[in-house]
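Input: a single structure, listed below in structure tokens.
The values are calculated or read from the model by the stated rules, or taken from the named source; none is laboratory data. Keep in mind that this is a model prediction, so the values were computed, not measured. We place every Cβ from the backbone using ideal geometry, glycine too, and count neighbours over all the protein chains shown.
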Amino acid sequence: MDRFTTLTGIAAPLPLVNVDTDMIIPKQFLKTIRRTGLGRNLFDEMRFTEDGREIADFVLNRPPYRKAEILVAGENFGCGSSREHAPWALLDFGIRCVIAPSFADIFHSNCFKNGILPVVLPQEAVDHLMEDAGRGANARLTVDLVAQTVTASDGRVFAFEVDPFRKHCLLEGLDDIGLTMEKVAAIDAFEARAAAARPWL
Amino acid sequence: MTQPRTLYDKIWDDHVVDRQPDGTCLIYIDRHLVHEVTSPQAFEGLRLAGRPVRCPEKTIAVPDHNVPTTWDREAGIANEESRIQVETLDRNARDFAIHYYPVSDIRQGIVHIIGPEQGWTLPGMTIVCGDSHTATHGAFGALAHGIGTSEVEHVLATQTLIQSKSRNMRVEVTGSLGPGVTAKDITLSVIAATGTAGGTGHVIEYAGEAIRALSMEGRMTVCNMAIEGGARAGLIAPDDKTFDYVRGRPHAPKGARWEAAMAYWKTLQSDPGARFDKVVTLRAEAIAPVVTWGTSPEDAVAITGVVPHPEEFHGGKVEAARRSLDYMGLVPGTRMTDVAVDAVFIGSCTNGRIEDLRAAAAILRGRRVAPGVRAMVVPGSGLVRLQAEEEGLDAVFRGAGFEWRLAGCSMCLGMNPDQLAPGERCAATSNRNFEGRMGRGGRTHLMSPARAAAAAVTGRLADVRSLA
């Protein structure tokens, strides 16, 4: 997993609430057995017509936002299916950070496993950043995970909270499985205790 | 004296392997369910790292999302990518020696239907699957939730998950349901009351007289859609109905182990005075038979009601409602019972169990599907299908003009050939009415099995009570 420390880039505004993972990556693209290559189908049904032509007014088809690295969206982003294909598709497109007033739990967790930072900010802050993002290439946001801040193009700074352990893993690009493997003795001990306490399992 | 604990607290405490100073825990997983869509990259990760599956005996796999439901499916899967995905699961199950129910096995079915059916799902367990509807298993008083593929790999490799504890939420449904009101109406009404993010960061315990009165099938329907209310997991304390359901299942404990398990399972209730961070109470008498009008599961309205105006909502939901109505092709103020349907889908992990098929068949007996409506019933597992056939339900469905299919997820998410055409409107017993969910441009109205059957018969959304 790639580290995430700071990121300055173009933010795409997606002012919709309840953006679900079926929107982010429709089911026909879940048939892959790989993690890569999903960026071209990110938001497929909003981005392309049925015969594959670009829908001109969809944000990621507009010139400055084709290179977006940040997404600003409405509340409950990433609800629905647990598909990790959603963060894979965002990452493959080039998006490393999503800013929203709230996220669905499973999507939120999946982001951290893939080097994407989900930033939760109050609605008012998101509204400000949404407006800023609307200015296109002239408005670049800076997301600083170390300082836990988002800086708008007008210099306004918004502080955000992040789970300390997840922050640490993201800053260092740590692999969860490797970390847990170091605790194998504790897992062995738990299994022995559980086998005695709950032998039917 | 120890603090009173919730059911969630108790299951959590019994599964903590390690706790870091910041509160992050390593949680042991008792059962890991696996399907073909969210697992290939996880198995590939194991191979690349040279890691085995730590507990193959606790890992159960079944293909369900991609499998055709037509009677010729033994001939193979026509779509190449779907075929490769199922073959990949075949190979991974064999290579890593995990329990497996291939397409050819009569026990194959939707992962959340066969877990309970085979007795893999037991009270007090931690259960995960790379699928958000894993919440279904909470009906047994198990802590069950969906995970992403990275976590699937983590569980395969370590039989644990890194987790922060969620908050406790209690949803109490008091009193008793009116005639024609079902578990599906409870779960949709709870979501309508709390919103699709109302349960975010929480584990919901469903309680109250109306929940107790539900069968195990009904409880599974309620817990199944906890995720649609934002909660990763929904729970119901086990009781005699739970134990009766579990007893004698192929993988349920037997003899002395059963007795030991029962002694433990009976402790799986929230203590009096246990603290919940959030409490929502609904009166069962106030729950109407509902259908959804929009593209979010929170968009439920009484079947006797009308399509709402976007202006009735607040904040971002105003624009969302406008977008939903446009997508759904509906005009505010239209009576729901005036909405004509093109298709009917009965099935899914929400409502693909035997009781659901019985409820739908009861409406269909002696009736016919309205002209021009295509109607399909997809049993949740091969064993549900066999039981329905033994009871003669297949003849009722076929006689009414329904297609009688083989088990799988089918049209609920349309990864197999069962899909809606653009603009096609469907009365569905599944769980998500998202844009494009059942097929690009397809329009989904969520409802109970009996109401879907009534829609098939009348050709429009219908109040089942008018047919009773």
Query raised in the report: If you scan the range A:23-66, which residues turn out to be more than 10 Å from chain B (Cβ to nearest Cβ) and either closer than 20 Å to B:His65 by Cβ or among the small types (Gly, Ala, Ser) (or both)?
Result: A:Ile24, A:Ile25, A:Gly37, A:Leu38, A:Gly39, A:Asn41, A:Gly52, A:Ala56
Requested in this report: Have a look at B:Gly333, B:Gly366, B:Gly316 and point out the one that is farther than 16 Å from B:Ser410 by Cβ, out of contact with any Cys (no Cβ under 6 Å at 6 or more places or on another chain) and at pLDDT below 95.
Outcome: B:Gly316
Report task. Determine if the range B:102-124 includes at least one residue that is within 10 Å of another protein chain (Cβ to nearest Cβ) and either surrounded by 24 or more Cβ atoms within 10 Å (Cβ to Cβ) or among the hydrophobic types (A, V, I, L, M, F, W, C) (or both). Result -> yes
Query raised in the report: Using beta carbons and a limit of 8 Å, which pairs, at least six apart or on different chains, have the first residue in the range B:343-364 and farther than 21 Å from B:Gln419 by Cβ and the second one at pLDDT below 95?
Result: B:Ile363/B:Val464; B:Ile363/B:Leu467
Report summary line: Considering the range B:376-396, residues that are among the hydrophobic types (A, V, I, L, M, F, W, C) and in contact (Cβ under 8 Å) with a residue 40 or more places away in the chain, and then whichever is nearest to B:Gly366 (Cα to Cα), we arrive at B:Met376
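Answer with yes or no whether B:Arg51 is among the basic types (Lys, Arg) and farther than 20 Å from B:Gln159 by Cβ.
Details: among the basic types (Lys, Arg): yes; farther than 20 Å from B:Gln159 by Cβ: no.
In short, no.
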Query - Any chance B:Leu214 is assigned to a loop (DSSP other than H, G, I, E, B) and under 30 Å from B:Ser466 (Cα atoms) - result: yes
Report summary line: A:Val17 fails exactly one of (1) assigned to a loop (DSSP other than H, G, I, E, B); (2) away from chain B (no Cβ under 12 Å), namely (2)
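Regarding A:Pro164, is this residue of a type outside the set (Asp, Glu) and either surrounded by fewer than 18 Cβ atoms within 10 Å (Cβ to Cβ) or on the phi > 0 side of the Ramachandran plot (or both)?
Working: of a type outside the set (Asp, Glu): yes; either surrounded by fewer than 18 Cβ atoms within 10 Å (Cβ to Cβ) or on the phi > 0 side of the Ramachandran plot (or both): yes.
Yes: the conditions hold for A:Pro164.
So is B:Ile113 over 26 Å from B:Pro238 (Cα atoms) and among the hydrophobic types (A, V, I, L, M, F, W, C) or not? Before the answer, list the steps.
Details: over 26 Å from B:Pro238 (Cα atoms): no; among the hydrophobic types (A, V, I, L, M, F, W, C): yes.
Spelling it out, it is not the case that B:Ile113 is over 26 Å from B:Pro238 (Cα atoms) and among the hydrophobic types (A, V, I, L, M, F, W, C).
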Query raised in the report: If you check every pair at least six apart or on different chains, which have Cβ atoms under 9 Å apart with a residue in the range B:75-95 that is surrounded by fewer than 17 Cβ atoms within 10 Å (Cβ to Cβ) first and a residue that is among the charged types (D, E, K, R) and assigned to a helix (DSSP H, G or I) second?
Result: B:Gly76/B:Arg83; B:Asp95/B:Arg47
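Only one of A:Gly136, A:Gly178, A:Gly173 is more than 27 Å from A:Phe58 (Cβ to Cβ), touching a Lys or Arg at 6+ places or on another chain (Cβ under 9 Å) and at pLDDT below 95; which?
Working: A:Gly136 fails: more than 27 Å from A:Phe58 (Cβ to Cβ); A:Gly178 fails: touching a Lys or Arg at 6+ places or on another chain (Cβ under 9 Å).
That would be A:Gly173, the only listed residue that is more than 27 Å from A:Phe58 (Cβ to Cβ), touching a Lys or Arg at 6+ places or on another chain (Cβ under 9 Å) and at pLDDT below 95.
Need at least 1 residues that are aliphatic (A, V, I, L, M), within 8 Å of chain A (Cβ to nearest Cβ) and buried (at least 18 other Cβ atoms within 10 Å of the Cβ) per element, so show me which strands (runs of 3 or more DSSP E) inside the range B:14-70 make the cut, counting only ones lying wholly within it. Write out each step before concluding.
Details: elements: B:16-19, B:25-28, B:31-34, B:59-61.
Those strands (runs of 3 or more DSSP E) span B:16-19, B:25-28.
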Query raised in the report: Hey, any hits in the range B:358-379 for a residue that's surrounded by fewer than 23 Cβ atoms within 10 Å (Cβ to Cβ) and part of a strand (DSSP E or B)?
Result: yes
Requested in this report: May I ask you to list the residues in the range B:219-266 that are within 13 Å of the chain's Cα centre (by Cα) and among the hydroxyl-bearing types (Ser, Thr, Tyr)?
Outcome: B:Thr221
Requested in this report: Kindly state which strands (runs of 3 or more DSSP E) lie completely within the range B:239-351 and contain at least 3 residues that are away from chain A (no Cβ under 14 Å) and closer than 30 Å to B:Leu461 by Cα.
Outcome: B:278-283, B:300-302, B:343-346
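Does the range B:408-422 contain at least one residue that is among the small types (Gly, Ala, Ser), buried (at least 24 other Cβ atoms within 10 Å of the Cβ), touching a Pro at 6+ places or on another chain (Cβ under 6 Å) and not in a strand (DSSP E or B)? Before you say what the answer is, go through the steps one by one.
Filtering the range B:408-422 down to residues among the small types (Gly, Ala, Ser) leaves B:408, B:410, B:414, B:421.
Remaining after also requiring buried (at least 24 other Cβ atoms within 10 Å of the Cβ): B:408, B:410.
Then drop every residue that is not touching a Pro at 6+ places or on another chain (Cβ under 6 Å), which leaves none.
Scanning the range B:408-422 turns up no residue that is among the small types (Gly, Ala, Ser), buried (at least 24 other Cβ atoms within 10 Å of the Cβ), touching a Pro at 6+ places or on another chain (Cβ under 6 Å) and not in a strand (DSSP E or B).
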Query raised in the report: Can you pull out the residues in the range B:153-181 that are away from every other protein chain (no Cβ under 14 Å), in a strand (DSSP E or B) and surrounded by fewer than 20 Cβ atoms within 10 Å (Cβ to Cβ)?
Result: B:Glu172, B:Thr174
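Which of the residues spanning the range B:324-347 are of a type in the set (D, E, K, R) and buried (at least 17 other Cβ atoms within 10 Å of the Cβ)?
Residue satisfying the conditions is B:Asp342 alone.
Can you tell me which of B:Thr174, B:Thr200, B:Thr160 is touching a Phe, Trp or Tyr at 6+ places or on another chain (Cβ under 6 Å) and more than 12 Å from B:Val279 (Cα to Cα)? Can you show your working first?
Working: B:Thr174 fails: touching a Phe, Trp or Tyr at 6+ places or on another chain (Cβ under 6 Å); B:Thr200 fails: touching a Phe, Trp or Tyr at 6+ places or on another chain (Cβ under 6 Å).
Unique residue meeting the criteria: B:Thr160.
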Requested in this report: Pairs only if they're at least six apart or on different chains, beta carbon under 6 angstrom, first in the range B:421-441 and touching a residue at least 12 places away in the same chain (Cβ under 8 Å) and facing chain A (nearest Cβ under 7 Å), second of a type outside the set (S, T, N, Q) and not in a loop (DSSP other than H, G, I, E, B); list them, first residue then second.
Outcome: B:Phe434/A:Asp20; B:Phe434/A:Asp22; B:Glu435/B:Tyr327; B:Arg437/A:Asp22; B:Arg440/A:Glu45
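In the range B:197-211, what residues are outside any strand (DSSP E or B) and more than 14 Å from chain A (Cβ to nearest Cβ)? Lay out the reasoning, then the answer.
Pass one, the range B:197-211, residues outside any strand (DSSP E or B): B:197-201, B:208-211.
Selection gives B:Gly208, B:Glu209, B:Ala210, B:Ile211.
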Query raised in the report: Are any residues in the range A:85-121 within 13 Å of chain B (Cβ to nearest Cβ), not small (Gly, Ala, Ser) and not in a helix (DSSP H, G or I), and if so, which ones?
Result: A:Pro101, A:Phe103, A:Lys113, A:Asn114, A:Ile116, A:Pro118, A:Val120
Query - Any hit, the range B:78-88, residues being within 13 Å of chain A (Cβ to nearest Cβ), in contact with a Lys or Arg (Cβ under 9 Å, 6 or more places away or on another chain), in a helix (DSSP H, G or I) and among the β-branched types (Val, Ile, Thr) - result: yes
